[in-house]
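To start, the structure under review is shown below, and the notes come after it.
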Amino acid sequence: MISAPDLKVTIPELLIIPDLTFSAVEAQNAMEHCVFLSQIRSQSGKPLVISKNSGIRPKWFEKMKGRSGTSEHSTYNIPGRGAVDIVYESYQFDLILHSSFYTRICYYTSNGFYHCDRKPTKGNRLYFECDSLTSDWEFKKILQ
């Protein structure tokens, strides 16, 4: 079993850019993700791995990388939003699937990670799958 301090998710785990400066809303959203993911770690007793290419990505960073800047990873500045990519063990992911924290979850089958975000979905929680980082998400089911 892992000790309690090792189970806590911290904001640096969500940062793709070290020492990023936050607004109050961004800090609040980041903490909400950390608290939720810490609960998953605590319930499973094992580390939940957050992808180093995930978490908080400012719009300027996304645009610098040649992307649109509209990724959910760039929405931490909107209350109740944000995204994280997770490499998981199946029992941990069952805990995430049965929680209402994330509204959209997409499994990247070729890359072996789950994208989890809080984009509004008109009351439904949605599950998708995707073949690669460049292909479109395919809707699979509404989560309960």
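The values are calculated or read from the model by the stated rules, or taken from the named source; none is laboratory data. Just so it is clear, the model here is predicted, and its values are computed rather than measured. Neighbour counts are summed over all protein chains in view; Cβ atoms, including those assigned to glycine, are modelled from backbone coordinates with ideal geometry.
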### Message
Can you tell me which of (1) within 21 Å of residue 12 (Cα to Cα); (2) of a type in the set (Asp, Glu); (3) part of a strand (DSSP E or B) is the one residue 129 doesn't meet?
### Response
(1)
### Summary
All-but-one check, residue 134 against (1) without any contact (Cβ under 8 Å) to a residue 12 or more places away in the chain; (2) surrounded by 11 or more Cβ atoms within 10 Å (Cβ to Cβ); (3) among the polar types (S, T, N, Q), failing number (2)
### Task
Counting only residues that are within 15 Å of residue 119 (Cβ to Cβ) and either of a type in the set (Phe, Trp, Tyr) or out of contact with any Asp or Glu (no Cβ under 8 Å at 6 or more places or on another chain) (or both), give me the helices (runs of 4 or more DSSP H) lying completely in segment 23-107 with at least 1 of them.
24-44
### Message
Take the conditions buried (at least 17 other Cβ atoms within 10 Å of the Cβ), out of contact with any helix residue (DSSP H, G or I) (no Cβ under 7 Å at 6 or more places or on another chain) and in a loop (DSSP other than H, G, I, E, B) and apply them to residue 20. Does it pass?
### Response
yes
### Query
Restricting attention to segment 6-15, which residues are at pLDDT 85 or above and surrounded by 18 or more Cβ atoms within 10 Å (Cβ to Cβ)?
9, 13, 14, 15
### Query
Can you find a residue in segment 63-84 that is crowded, with 17+ Cβ neighbours inside 10 Å, in contact with a Gly (Cβ under 8 Å, 6 or more places away or on another chain) and aromatic (Phe, Trp, Tyr)?
yes
### Query
Taking into account only those residues within segment 108-126 that are of a type in the set (Ser, Thr, Tyr) and outside any strand (DSSP E or B), which is surrounded by the fewest Cβ atoms within 10 Å (Cβ to Cβ)?
110
